[in-house]
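The values are calculated or read from the model by the stated rules, or taken from the named source; none is laboratory data. Fair warning: this is a prediction, and the values are worked out from it, not measured in the lab. No Cβ is skipped: glycine too gets one built from the backbone with ideal geometry, and neighbour counts run over all protein chains shown.
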Amino acid sequence: MKKITETRTGKIISDVDKHLEYLYVGDYGKENNIKADFLGYTKRIDKVEHTDVDLTEKLVVTVSSQKGCPMSCNFCDCPKLEFKGNASESEMVDEIVSAIALSEIKKGKRLNVHFARMGEPTLNKDVITTARYIGCLNSRELCDGFKIIDFDEYHPVVSTMCPKNYVDFVHFIEEWIKCDEDKLGNKLWNGGVGLQFSINTLDEEQRNKMFNNKSMSLESIGNIIDSLPVPKGRKYTLNFAVTSESNLDVDLMNKYFDKEKCIVKITPIHETHTAVENDYEIVTDYDVYEKFEQPLVKDGWDVIVFVPSKEEDEDRITCGNALLSELNKE
């Protein structure tokens, strides 16, 4: 059984039988929901107004790499589900192709595929082959010039919680950041590959609580990033889902991470059922973001502040949500 939930910017598909959930949404545009001085978006964002979205400009498809999630983060609804292992390559391809089909986009400018709805993507090696396969589908014409997927640019993105004691983590990351290249280093598609590390705070005690002691230490994550090549496109993203009590101290940021390789992304913790149950502050005051952003910018860091609209949080399209956790109870 599949349940399709309409949102104001797209649709969420909850596949009860396969224990999977995925979605597609449009984007308000960088000028409306981000502040990033280094990109030229310098306007303070006190509130993001909901507007109609143009799916042909940018279609964002967010898929599950696992059926549930074993990471047990205490701000996320995915652990409410029984964990049933990895999604297969064919299941992930079906999630992506089905979402694009439901969007009814025949040709678009940009396709972003985020492996971020449910699961820790680095625990599923088929994420890499899935991303490559979609890139090849988008690049390859069939008979009479027909394409199954047709976007000018394709950008797959992995968001990782950096699971502790996972011996193949570094190998996955090394393979992921070059999955858009052939063996000779030639690009397989127009676009790039995104890599985001969930950090949230530079206070180890806070992090251990948030990630239920299942994420690597900051030092370990920093050492892994140090071992990676300088990104050819966008830098590696350090994601901070913050409350006003989070720690984004500039000296600690410089201690653990390299600003030549990394950008800092500041977002709120989204209003999931679990975040509310655990009394997390859902930040709506831009002053909170600014107190973290400005010292980093002054120190030379590239910083993105992403602010969702009230409607996006209400529609539960943001990270940490899982409608399946309620459907399974029904």
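Going by the conditions given, is ASP46 without any contact (Cβ under 8 Å) to a residue 60 or more places away in the chain and farther than 16 Å from LEU111 by Cβ? It is false that ASP46 is without any contact (Cβ under 8 Å) to a residue 60 or more places away in the chain and farther than 16 Å from LEU111 by Cβ.
Taken over segment 11-34, the criterion of being at pLDDT 95 or above and within 19 Å of the chain's Cα centre (by Cα) is satisfied by LYS11, ILE12, ILE13, SER14, LEU20, GLU21, TYR22, LEU23, TYR24, VAL25, GLY26. All conditions in (1) without any contact (Cβ under 8 Å) to a residue 60 or more places away in the chain; (2) more than 18 Å from the chain's Cα centre (by Cα); (3) surrounded by 21 or more Cβ atoms within 10 Å (Cβ to Cβ) hold for GLU245, with the sole exception of (3).
Count of segment 147-168 residues, restricted to those that are touching a residue at least 60 places away in the same chain (Cβ under 8 Å) and part of a strand (DSSP E or B), is 3.
Yes/no matrix, rows are residues, columns are (1) over 20 Å from HIS171 (Cβ atoms); (2) at pLDDT 95 or above; (3) not small (Gly, Ala, Ser):
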position: VAL93; (1), (2), (3): yes, yes, yes
position: ILE96; (1), (2), (3): yes, yes, yes
position: ALA99; (1), (2), (3): yes, yes, no
position: GLU104; (1), (2), (3): yes, yes, yes
position: LYS109; (1), (2), (3): yes, yes, yes
position: PHE115; (1), (2), (3): no, yes, yes
position: GLY119; (1), (2), (3): no, yes, no
position: THR122; (1), (2), (3): no, yes, yes
position: LYS125; (1), (2), (3): no, yes, yes
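Looking across ILE269, ILE282, one residue alone is of a type outside the set (Gly, Ala, Ser), under 20 Å from the mean Cα position of the chain (by Cα), over 23 Å from VAL170 (Cβ atoms) and loosely packed, with under 15 Cβ neighbours inside 10 Å. It is ILE282. The number of residues in segment 1-10 being assigned to a loop (DSSP other than H, G, I, E, B) and either modelled with pLDDT of 95 or more or under 19 Å from THR318 (Cβ atoms) (or both) comes to 3.
On the stretch given as segment 218-240, residues that are surrounded by 15 or more Cβ atoms within 10 Å (Cβ to Cβ), modelled with pLDDT of 95 or more and closer than 21 Å to ASP299 by Cβ total 10. Of all residues in segment 1-28, how many are exposed (fewer than 14 other Cβ atoms within 10 Å of the Cβ) and under 24 Å from VAL297 (Cβ atoms)? The total comes to 0. Between SER215, SER198, the distinction of being buried (at least 17 other Cβ atoms within 10 Å of the Cβ), closer than 19 Å to VAL305 by Cα and small (Gly, Ala, Ser) belongs to SER198 only. Within segment 49-102, the set of residues being under 25 Å from TYR166 (Cβ atoms) and free of Cβ contacts under 8 Å to residues at least 12 places away in the same chain comprises just one member, SER90. Would you be able to say whether some residue in segment 282-291 is over 22 Å from LYS43 (Cα atoms) and charged (D, E, K, R)? Within segment 282-291, not a single residue is over 22 Å from LYS43 (Cα atoms) and charged (D, E, K, R). Could you check, for segment 26-45, whether at least one of its residues is in a loop (DSSP other than H, G, I, E, B), β-branched (Val, Ile, Thr) and more than 24 Å from VAL193 (Cβ to Cβ)? Yes, the conditions are met somewhere in segment 26-45. Only one of the listed residues (MET216, MET210, MET253) is of a type in the set (A, V, I, L, M) and over 20 Å from the mean Cα position of the chain (by Cα). That residue is MET253.
There is at least one residue in segment 193-213 that is in contact with a His (Cβ under 9 Å, 6 or more places away or on another chain) and over 20 Å from VAL283 (Cβ atoms). Which condition number does PHE292 fail, the rest of (1) in a loop (DSSP other than H, G, I, E, B); (2) at pLDDT 95 or above; (3) surrounded by 13 or more Cβ atoms within 10 Å (Cβ to Cβ) being met? PHE292 satisfies every listed condition except (1).
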